[in-house]
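Values quoted throughout were computed directly from the atomic coordinates according to the rules given, and no laboratory measurement underlies them. Everything quoted here is computed from the prediction, not taken from an experiment. All Cβ positions, glycine included, derive from the backbone under ideal geometry; neighbour counts span all protein chains shown.
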Amino acid sequence: MSGILNSSIGRKFAMALSALFLMIFVLQHFVINLFSVLSPDTFNEISHFMGTFWVIQYVIQPILIIGVIFHFVMGFVLEIKNNKANGVKYAKNNGAANSTWMSRNMIWSGGFILAFLIIHFIDFWIPEINTKYIVGDMSGMYNGEFRYFHELQEKFVPIWRVALYCVGFVFLALHLLHGFDSAFQSVGANNKYTKGLKGFGKAYAIIIPVGFIFIALFHHFNH
Amino acid sequence: MNLTLKIWRQKDSKAKGQMVDYKVTDISEHMSFLEMMDVLNEQLVNSGEEPVAFDHDCREGICGMCSMYINGEAHGPDRGVTTCQLHMRMFNDGDTITIEPFRAAAFPVIKDLVVDRMAFERIQQAGGYISVNTSGNTQDANSIPISKHAADEAMDAATCIGCGACVASCKNSSAMLFVGAKVSQYALLPQGQVEAADRVRNMVAQMDLEGFGNCTNTGACEVECPKGISLENIARMNREYLSATLKG
């Protein structure tokens, strides 16, 4: 594996695989969050299952964390390598004539997503790990009820956090607008299905972040 | 038309270059961009100045020598043409035109607008060929069945003239469209199959060694390519490379 990472195509391939994995994760995260709007009881049950089932906690969660770290680290490594490959900067460069803003600024949209992710971890993941593995309370209960839905609602009371999350999801949309079909191109999938895949990718890149924004706003205004 | 030209002047590969302004007058809209550059150089020679060095050869869009970055785009604002086929009718009277060499760490400037693109030659030498016995016993190519679709795709890939516009347009100075086209033109044909794994491994290794960047699929190369080489060739190269690497 380390051998393949020494080549430019190998690095592209690894970057794309981690991206595809993260896109599947984001989709399942969205579906679970959607239940917080549709059915709080179901949301609580799924959250408790996800937070306590050993396969998810001790196998999938570490893989996810490694995937996230890998994607970011590799993104920054590629950016440094690519900057090194450039010569003197052009006095005039008309990038908009041949490529999208999203495709030229993946490092910036990715950087903002990383900043958002750190805030998101501080808001949700670290308190969850503290409750379960430091305090040792695996019951998922508070005052005789599941605590997950209540905790989620509480987080979206301050408008500044809702605004911050909305900005984070806008950057996620910008990143996905290029990243979705770019990942398929990198693994060598460019064929008769590509046109349809690009359409699906655009829908995915807009629907998922807009959905997350809707969920954040819903809980803010329905507390 | 009368124009102001902002041109990159650099004495040699070691000198520090700079943009220099020039004025040209009475330029016909029917002139090619290189003919306009000829007018400028005649003007410079007549006034005892050093003419602007630029690459050119066939002036028919097939040799891949001309290599100017005009107003922020490789080969200028027109599509599907090289600089020699770019006509002055694409510009307006009074325009200021910025002219720079193709930029990439792997394409060092030799002088003014002339860059060293030997990195492409070395990539070709690493595997961009088939080892055919040419001693007189060569099999007639027409005796090998090839589907029309494969032949067309291979021919499309083979139209790459190796001008380097893909590298110049890429924000990462990636050469993957060029290498993808060269890998594809052989990978699609039965004659290229025998050495396919070694070819893609060696060409990609040489590409990385030359210091070209990584492809991030912006698609700028495909848009600026004067021969319309498709990104499908990069995807094919990726498949070929991964398959060759997995085979060991």
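In whole angstrom, note down how far apart the Cα centers of the range A:93-157 and the range B:96-114 are.
Here the answer is 45 Å between Cα centres.
Please give the calculated 222 nm ellipticity per residue for the protein assembly as shown, where each DSSP H segment of at least 4 residues contributes -39500 (n - 2.57) and the sum is spread over every residue; nearest 500 deg cm²/dmol?
On the way: 18 runs with 245 residues, N = 471.
Dividing the helical sum by the residues of the protein assembly as shown leaves -16500 deg cm²/dmol.
I'd like the mean, over residues of A:72-81, of how many other protein chain beta carbons sit within 10 Å of each residue's own Cβ.
Working: counts 0, 0, 0, 1, 0, 1, 5, 4, 0, 5.
Mean number of neighbouring Cβ atoms from other chains: 2.
Helix A:61-85 versus the longest principal axis of chain A: what angle, 0 to 90°, nearest 10, using Cα atoms?
30
Go through the range B:109-115 residue by residue and turn each phi into a ³J(HN,Hα) via Karplus (6.51, -1.76, 1.60, θ = phi - 60°); whole Hz please, and just put x for glycine and proline.
In residue order, the calculated couplings are 6, 8, 6, 6, 9, 8, 10 Hz.
Any chance you could count the Lys pairs in chain A whose alpha carbons are under 26 Å apart, treating pairs 8 or more apart or on different chains as valid?
12
Quick check: the angle from helix B:148-158's long axis to the longest principal axis of chain B, C-alpha only, nearest 10 degrees?
Tilt of helix B:148-158: around 40 degrees.
Counting only pairs 8 or more places apart or on different chains, how many lysine pairs in chain B have C-alpha atoms closer than 18 Å?
Values: B:Lys6/B:Lys16; B:Lys6/B:Lys23; B:Lys6/B:Lys111; B:Lys11/B:Lys111; B:Lys14/B:Lys111; B:Lys16/B:Lys111; B:Lys182/B:Lys227.
Step by step, the pairs that qualify in chain B add up to 7.
Taking amide H positions as placed in the peptide plane 1.01 Å from N, state which residues far from B:Met68 in sequence (5 or more) or on other chains have amide H under 5 Å from it.
B:His75, B:Thr83
What's the center-to-center distance, using Cα atoms, between the range B:148-217 and the range A:171-193 in Å?
Going from one Cα centre to the other spans 20 Å.
Please find, in a Gaussian network model of chain B (springs between Cα atoms separated by less than 10 Å), the residue of B:Ala104, B:Ala205, B:Ala157 whose mean-square fluctuation is greatest.
Taking springs between Cα atoms under 10 Å, the residue moving most is B:Ala205.
In percent, what relative contact order does chain B have, based on Cα pairs under 8 Å that are 6 or more apart in sequence? Present the calculation step by step, with values, prior to reporting the outcome.
Numbers: 447 pairs, mean separation 49.2, N = 248.
Here the relative contact order equals 20 percent.
Please get the size of the charge dipole for chain B, origin at its Cα centre, with Cβ charges of +1 on Lys and Arg and -1 on Asp and Glu, quoted in debye to the nearest 20.
On the way: 22 positive and 32 negative charges, 181 e Å.
That gives a dipole near 860 debye.
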